[in-house]
Amino acid sequence: MIDEKLLQIRSYQGEGYLPLVHYEKWRVAELRYCDELLPQNIKKLQRHNKTDEIFVLLKGNCTLFIADGSDSIGEIYAQQLMPLQIYNVKKGSWHSHTLSPDTTVLIIENDDTYDDNSPEQALTPSQQKRLIELSTNKSD
């Protein structure tokens with residue numbers, strides 16, 4: 001057994017989001033399927049005011065929803081993540097995602113990314129409808 005001072009090994013088999021490694025100013029987390037992220041259950045988008053956020057699809061299917069707008073959510077776009085590509089969601093970009101049950105997404109973000117600097121905004125009924133449409137028509 002290798003001493004953890006030399007090597008940390010972490011994994012996650014649960015649902016949702018869990019930070020696994022923290023180091024100085026960054027952390028690595030995994031995101032896995034949860035019912036909250038089904039398209040019909042997504043009621044809000046969030047953004048991070050202090051940092052970008054990186055997503056890497058390890059397995060499964062993930063659609064990233066990105067919206068423009070500063071004070072309010074503007075046009076919503078969908079990006080189907082491809083395995084092992086790096087997707088950098090820029091600071092201040094509204095976003096959420098939906099995942100298939102077999103999905104694992106690696107997330108790299110600043111360690112100070114918390115609720116107080118990551119505002120959320122509720123989707124309007126028409127925005128919710130658009131998000132559902134985007135999740136079924138991945139070519140938009």
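The values are calculated or read from the model by the stated rules, or taken from the named source; none is laboratory data. These numbers come from a predicted model, not from an experiment. Here Cβ is always computed from backbone atoms with ideal geometry, including for glycine, and neighbour counts include all displayed protein chains.
A few points about this structure:
- Of the residues screened, GLU24 is one that is acidic (Asp, Glu), on the phi > 0 side of the Ramachandran plot and touching an Asp or Glu at 6+ places or on another chain (Cβ under 9 Å).
- Which listed residue, of GLY60, GLY69, is touching a Phe, Trp or Tyr at 6+ places or on another chain (Cβ under 8 Å) and closer than 24 Å to VAL21 by Cα: GLY60
- Residues located in segment 61-72, provided they are assigned to a loop (DSSP other than H, G, I, E, B) and either within 20 Å of ASP102 (Cα to Cα) or at pLDDT 95 or above (or both): ASN61
- On the stretch given as segment 30-41, residues that are more than 24 Å from ASN110 (Cα to Cα) and either aliphatic (A, V, I, L, M) or out of contact with any strand residue (DSSP E or B) (no Cβ under 7 Å at 6 or more places or on another chain) (or both) total 4.
- None of LYS91, LYS129, LYS138 is surrounded by fewer than 16 Cβ atoms within 10 Å (Cβ to Cβ), in contact with a His (Cβ under 9 Å, 6 or more places away or on another chain) and either at pLDDT 90 or above or at negative phi (or both) except LYS91.
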